[in-house]
1. Looking for whichever is surrounded by fewer than 12 Cβ atoms within 10 Å (Cβ to Cβ) and either under 19 Å from the mean Cα position of the chain (by Cα) or not in a helix (DSSP H, G or I) (or both) here; the options are Ala77, Ala47. Which one fits?
2. Name every residue in segment 56-68 that is over 15 Å from Val98 (Cα atoms) and either surrounded by 13 or more Cβ atoms within 10 Å (Cβ to Cβ) or in contact (Cβ under 8 Å) with a residue 24 or more places away in the chain (or both), in order of residue number.
3. Do the conditions hold for Ile100, that is, is it surrounded by fewer than 12 Cβ atoms within 10 Å (Cβ to Cβ), of a type outside the set (S, T, N, Q), in the same structural domain as Pro45 (by TED's automatic domain parsing) and in a helix (DSSP H, G or I)?
Amino acid sequence: MSWGTYLIIFAICVGTIVIFRVAPMFALADKELPDNVITMLNFIPVAAFAALVANDIFTPGAFQAGFWPAALPYVAAIPVIFCALKTRSLALCIVVGVAIYALLFYLV
């Protein structure tokens, strides 16, 4: 592919991002949203985090490598659940999960 083709693809990707992510923020910036819409929008970070976690924890064939390598994500998820219930901080949950997983990985 030539550089012109890459630039066209890049421009299309940037345009798509602007249309579908940036433009709605500007269009809805001055409008008051109904309470039920705001309630539903509050579920997006929780759903995104759950999708990321479920994808890594519930992997088909995880136990083929042995019990302990497959059990690490399950064990690391327990402190993350307590952290999420106590702090409600997505960033802190990610840090705790990565730290616990790394600690368990190097200990086992």
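The values are calculated or read from the model by the stated rules, or taken from the named source; none is laboratory data. This structure is a prediction, so every number in the text was calculated from the model and none was measured. When we count neighbours, we look across all protein chains shown, and the Cβ atoms used for this are built from the backbone with ideal geometry, even at glycine.
1. On the way: Ala77 fails: surrounded by fewer than 12 Cβ atoms within 10 Å (Cβ to Cβ).
On inspection, the qualifying residue turns out to be Ala47.
2. Step one: list which residues in segment 56-68 are over 15 Å from Val98 (Cα atoms), which gives 58-68.
Correct list: Ala62, Trp68.
3. Values: surrounded by fewer than 12 Cβ atoms within 10 Å (Cβ to Cβ): no; of a type outside the set (S, T, N, Q): yes; in the same structural domain as Pro45 (by TED's automatic domain parsing): yes; in a helix (DSSP H, G or I): yes.
Here the answer is no, as Ile100 does not meet what is asked.
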